[in-house]
Each structure stands twice: as structure tokens, then as C-alpha cells.
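The values are calculated or read from the model by the stated rules, or taken from the named source; none is laboratory data. Nothing here was measured: the structure is a model prediction, and the numbers come from that model. No Cβ is skipped: glycine too gets one built from the backbone with ideal geometry, and neighbour counts run over all protein chains shown.
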Amino acid sequence: MVASPLVKPGSGNVSAPKGGMKQPPLPTKNMEPRHDPRSSLAGTVSETRTLRGVRCVRLSVLTDETTSPERQREADDAIAAELNIDFGSGDALREAVDLDVSASKVAPFDRPALGSWLARPDEYDALVWWRFDRAIRSMSDMHDLAKWAKQHRKMLVFAEGIGGGKLVFDFRNPMDPVSELMMTFFAFAAQVESQSISDRVTGAMAAIRKMVLRWRGGGRPPYGYMPAPMPKEHGGIGWTLVPDPDAVKVIERIARELLEGATVSAVAAGLNVDGKASPRDHWAVKMERDKGGKTGGAKGSHVVRDVFKWTPAVISRMLRNPTLLGWKMHKGKPVRDAEGDPIMSTETPIMTRTEFDRIGALLDSRSIENGERKDTDALLLRVIHCDSCGGRMYMSKPTKNGASVNPFYKCNSHARGDLCALPANIRASWVDEYVEAEFLRVVGPVQTTHVVEIPGYDPEPELLATIAEFAEHQEQEGRQKSKHAAAEWQKRADALDNRIATLEAAEKVEPQRIVTNTGRTFADEWAEKDTAGRRAMLNEAGIRLDVRRGVRGGWRKLDVRRVDFTMSGELDPAAEALAGEVTELASEVRGDSPTPGASVRLVEPATGAEPARELVAA
């Protein structure tokens with residue numbers, strides 16, 4: 001094989017076989033009459049016309065600085081000037097830019113920009129790339145591209161070919177097979193090189209994963225950490241992870257607000273209002289790059305966002321990630337050592353196991369119906385129920401002349417696909433006032449408390465996860481064909497077994513519940529809350545109102561015989577104690593006689609199965 005690339009006639013750098021005849025350029029339209037002097041290099045001629053070219057740019061990832069679009073454009077422009085190729089300018093610029101497109105996964109004809117140009121071959125004469133791997137990385141893609149170039153008589157130019165020199169494949173002479181043959185050789189070399197690089201990187205990453213405290217050094221680290229040189233006491237080679245002060249402040253803020261009672265949605269909204277970068281944007285800010293980028297869309301499409309915002313899902317996923325414990329993770333599972341213990345990627349984890357489990361328990365407790373709706377002014381959402389079917393009732397707002405009149409709650413059984421025998425509906429203002437009065441009567445004087453739940457340490461979650469990992473590993477038993485593979489399988493089985501034994505022997509630390517008085521009453525809190533806040537208080541107290549179907553009549557106020565107000569949950573003991581104190585105090589004042597004008601409703605049937613009745617004092 002010759003030392004310099006073989007270029008066919010018309011490319012501007014032609015080398016012919018020794019002793020062979022040189023072919024003149026094929027006549028084409030728009031050929032400019034120009035002097036055709038011999039160059040200083042024997043066997044070369046200069047192109048005698050300006051070729052219409054397409055400048056091709058491709059990046060596998062948008063953050064790939066070593067092969068930036070600007071660098072590729074500079075190389076393409078330099079070789080184009082040498083070979084008398086023009087890319088046009090302004091609106092007539094011929095350029096195919098495919099960013100975030102892998103040559104190994106996406107064929108040239110399937111790339112958005114390049115594929116569009118390949119479908120319009122009459123608009124240009126040559127395609128120009130910086131390097132061979134910017135165009136293709138497989139033999140099959142090379143075959144398709146060479147076949148296309150030969151069919152349409154195009155020139156394929158690479159500013160920097162394998163070995164450093166330029167490569168020009170001129171397919172404008174369909175009778176000459178040399179360009180296709182040489183391109184096949186180079187494509188084979190590119191594919192072998194690509195696979196070799198991939199194998200080396202994969203092997204290196206696998207080895208680094210097993211190294212305690214060692215971080216691979218490239219790519220985005222887990223949120224909350226940043227790379228730092230490995231300390232000398234640990235060898236001083238490579239990189240490790242240390243806490244990122246900016247991200248740690250955000251994590252501490254999230255944990256604090258959640259423990260103080262804020263919802264995950266409220267925390268996310270606050271972070272967005274304050275302009276705190278989400279985990280996906282945080283590293284871009286650190287690297288002084290643009291925030292945002294592509295995100296998932298319909299199959300075969302994507303959505304480009306200016307920024308990635310905090311969402312409840314982002315917060316939950318971040319707080320449940322064991323990387324906060326300093327663990328190395330691979331494909332969603334902990335990387336373990338020979339003893340089955342998780343391998344650490346840092347000396348200073350962001351959270352302890354107790355803190356991590358505490359936050360996890362808090363998220364678990366809110367995983368069902370934890371969303372607080374802001375789009376409704378219905379005070380009794382999730383409180384009011386139809387007595388007949390037991391389903392929730394929802395507010396309906398009739399309108400008259402564009403204004404809402406007399407909102408009411410109604411049974412919504414049909415929306416659930418159920419059939420209610422006696423669906424109820426009732427005016428909203430009546431039951432809102434009734435529930436407010438009953439709630440404040442029962443618990444208004446009760447002092448509010450601040451409750452801190454500390455789950456302690458329970459080895460069971462990690463134990464169950466490790467057992468599941470062990471069971472999955474056991475499914476591969478006996479499938480190994482070689483002794484080495486069987487030995488590696490057994491080594492991992494022993495490591496998982498050791499870890500399970502360690503966790504089984506670990507002692508469980510019982511959770512703690514710390515309750516402190518706030519010095520305020522529920523009536524104080526109620527007075528300061530908006531509708532959403534009051535609704536949350538009712539839900540937390542376990543308030544439930546069951547409504548029966550009404551009877552015909554000109555009712556002007558609530559018929560209390562239609563409703564049952566009940567309360568369940570942690571406030572029950574306090575409410576009962578308060579009721580007992582009130583009863584004892586009243587009996588001391590009144591003896592056995594009721595206060596004049598007072599009414600008492602017996603909810604429970606009296607002894608002897610007497611019906612419930614109302615006793616009204618004279």
C-alpha cells in the first residue's frame with residue numbers, strides 16, 4: 001500500500017499507478033477555463049473548476065469539546081480551499097450539522113441533516129468531513145455510502161484521514177473501482193479501531209469500578225459530588241469524589257423542608273422560584289456550559305428545553321439514590337467487593353444510613369395521595385363522602401350569566417364506573433360551615449405539636465434488596481461453560497452470601513418519635529390558613545363527613561340529620577381528653593341539669609335499643 005492516500009482524477013491531488021496513464025478530468029457543465037499547471041509533486045494536477053461542496057459536521061454528544069463544531073468547520077474549510085471546493089454562504093450555505101448523533105448507532109442516510117442532503121444529490125459535487133469517524137464507523141454504512149457516491153458520481157473528502165493525511169475518494173469516474181476498494185480498507189480499519197476503543201474503555205471502567213474510592217474521572221458525577229484528585233494516602237493516582245458544597249446545600253434544604261412538613265411538590269416549586277439548578281443542569285453550570293438540552297418525546301422525536309426544572313419525581317429519585325451514602329452504583333445496583341459490602345466512591349458520604357432511611361421513610365409515608373391540589377377551592381375535598389356508596393363527593397359550580405351560583409357537592413359514582421342507589425348532593429356553603437364549626441368545637445382549643453419521626457436503623461431494607469440480588473444471581477447457576485466463568489459466578493455468590501449474613505447479624509435500632517408543643521392551638525392555625533391549608537388540616541386530622549340523600553322541601557339551612565361528622569387518627573385522644581374536661585367542668589356548674597337553650601344530639605342508640613333522639617332543654 002502506498003504511503004500517501006490515493007486520489008483519483010479531478011480531486012485536486014491525483015496519484016496514478018506507476019507507469020499508468022493519467023486520465024483528464026471528466027467534462028462537466030460550469031467548468032471554468034483555468035490554467036492546469038503541473039504541481040511540484042510528480043503525478044498531480046490542480047482541479048480546473050470550483051466544486052460545489054457540503055460541509056459535514058457530526059458530534060456524538062453535545063458536550064464533546066475535543067471535536068467541537070468549530071474545530072470541524074475549520075478543518076473542512078482548510079481542505080476545501082486546497083481542493084477548490086466551495087460551500088456557499090449566507091442562505092445558500094451548504095452544511096449538514098448533526099449534533100448528539102452517534103455514527104455507530106445512526107447510519108448516514110438516517111441522520112437528520114446529512115440524510116436530507118443525501119436525498120438531494122443534484123445540488124452539490126462533494127461531501128467534506130473532518131475525519132473518517134465523523135462520517136461512518138461500520139463496514140455496512142461504508143458500503144451504502146460508497147454505493148451511493150458511485151451511483152451519483154460524488155467526491156467524498158476527509159480533511160484528516162487515517163495516518164494524518166487527507167483522504168479524497170473520487171467516484172466521478174464510475175469505471176474506476178480503486179476509490180471504492182480503498183474506502184473499504186479504511187472503513188474496515190475504522191470499524192476495528194472503534195471496537196478496540198470500546199473494548200478498552202469498557203474493560204477500564206469495569207476495573208475502576210472495583211477500586212475503592214476511585215472515580216472514573218470522565219462524565220457527570222452523581223448529584224451532590226464532584227471529582228477531586230485522589231489523596232496521597234490512598235495512592236494519589238486518578239480521581240475520587242468529594243461533596244460538592246453547592247449541591248450539598250440544596251440537598252440539606254430539601255431534607256430540612258420535607259422534615260418540617262412541606263410537600264415534595266412545594267419543595268420543587270420553591271427551588272425553581274429561587275433559580276436552583278436541577279441535577280441535570282447543575283453539572284452544566286459547573287462546567288460553564290448552557291443549561292437545558294434534549295429530553296424524551298414521542299418515539300423517534302425529542303423535545304429541547306432551555307432548562308430542566310426540579311420536579312417531585314426528580315427530588316424523590318435523587319433522595320432514594322444510594323450514591324448519597326457514597327456507594328458506587330452500576331446499572332441501578334450497588335457495586336460490591338469480595339465480601340459483598342458496597343464499594344465506596346468517596347471518603348465523605350453526604351448522608352449516613354440513618355439519615356438516608358429517615359428520608360426514605362418520609363417519602364414512603366407520602367407516596368399515596370400526597371399531592372395537595374391548588375386548582376380547587378373545595379374545602380371538603382377528600383373529606384365529604386356519599387353515605388349510600390361511600391365514594392367521595394366533588395364540588396360542582398353551576399353558572400348564571402357567567403357567574404358561579406350556589407356551588408354544591410355531589411356524588412360522583414358515575415365517574416368511577418359505579419352505580420349509586422341513593423346519590424347525594426348538598427349545598428357547599430352549608431357543609432363547609434358545619435364542618436368548620438364541628439372541627440373547631442372538637443379540637444380548636446387543643447395545642448398543636450411538632451412531630452419528628454426518626455426511623456433509626458433497620459437493616460431489613462438493604463437485607464431484602466441484597467436477597468433479591470442474590471436470588472437473581474442464582475438464576476444463572478450452571479449456565480457457565482468455562483471454569484473461569486463458573487469461578488467468577490461463585491465468587492459473586494459468596495460475596496452476596498457474606499453480605500446477607502452481615503445484615504442478618506446487624507442490630508435494629510428502634511425508631512423514635514419526638515413530640516414538642518408549639519404553644520399554639522388548632523384554632524390559631526385555622527385562622528391563619530387559606531382554603532388549601534385548612535383542607536390539609538382536615539385531612540391530617542382524619543375528618544370525614546358522610547352525607548345522606550335529602551328529602552323534598554324548602555330547606556333554608558342544613559338538615560343535620562343528613563350528615564355524620566367523624567374523626568379518626570392521632571387527634572382522637574386529645575379531643576376526648578378535652579371533651580372530658582369540658583364535661584366535668586360543666587357538671588360542676590350545672591349539676592345534672594342542662595344549660596337553658598342547649599341541645600344534645602345522641603349519635604349512639606341509647607340502652608335498650610332506643611332510637612336516636614334530640615333532647616332540647618326547656
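When region 98-112 is examined, which residues are found to be outside any loop (DSSP other than H, G, I, E, B) and buried (at least 17 other Cβ atoms within 10 Å of the Cβ)? Passing the criteria: 98, 108.
Residues of region 113-145 that are buried (at least 22 other Cβ atoms within 10 Å of the Cβ), in a helix (DSSP H, G or I) and modelled with pLDDT under 90: 132, 134, 142, 145.
The residues of region 444-480 that are touching a Ser or Thr at 6+ places or on another chain (Cβ under 7 Å) and not small (Gly, Ala, Ser), listed by number, are 445, 446, 447, 448, 449, 450, 457.
Condition check for residue 286 on (1) in contact with a strand residue (DSSP E or B) (Cβ under 9 Å, 6 or more places away or on another chain); (2) at pLDDT 90 or above: one failure, at (2). Regarding residue 255, is this residue assigned by TED's automatic domain parsing to the domain that holds residue 334 and in a helix (DSSP H, G or I)? So residue 255 passes the test.
Under the condition of being surrounded by fewer than 16 Cβ atoms within 10 Å (Cβ to Cβ) and in a loop (DSSP other than H, G, I, E, B), the residues counted in region 221-249 number 4. Residues in region 532-542 include at least one that is modelled with pLDDT under 90, surrounded by 14 or more Cβ atoms within 10 Å (Cβ to Cβ) and touching a strand residue (DSSP E or B) at 6+ places or on another chain (Cβ under 7 Å). On inspection, residue 91 does not qualify as farther than 24 Å from residue 166 by Cα, of a type in the set (Asp, Glu) and under 33 Å from the mean Cα position of the chain (by Cα). The set of residues in region 312-349 that are of a type outside the set (Ser, Thr, Tyr), modelled with pLDDT of 90 or more, surrounded by 17 or more Cβ atoms within 10 Å (Cβ to Cβ) and under 25 Å from residue 366 (Cα atoms) comprises 314, 315, 318, 319, 321, 322, 324, 325.
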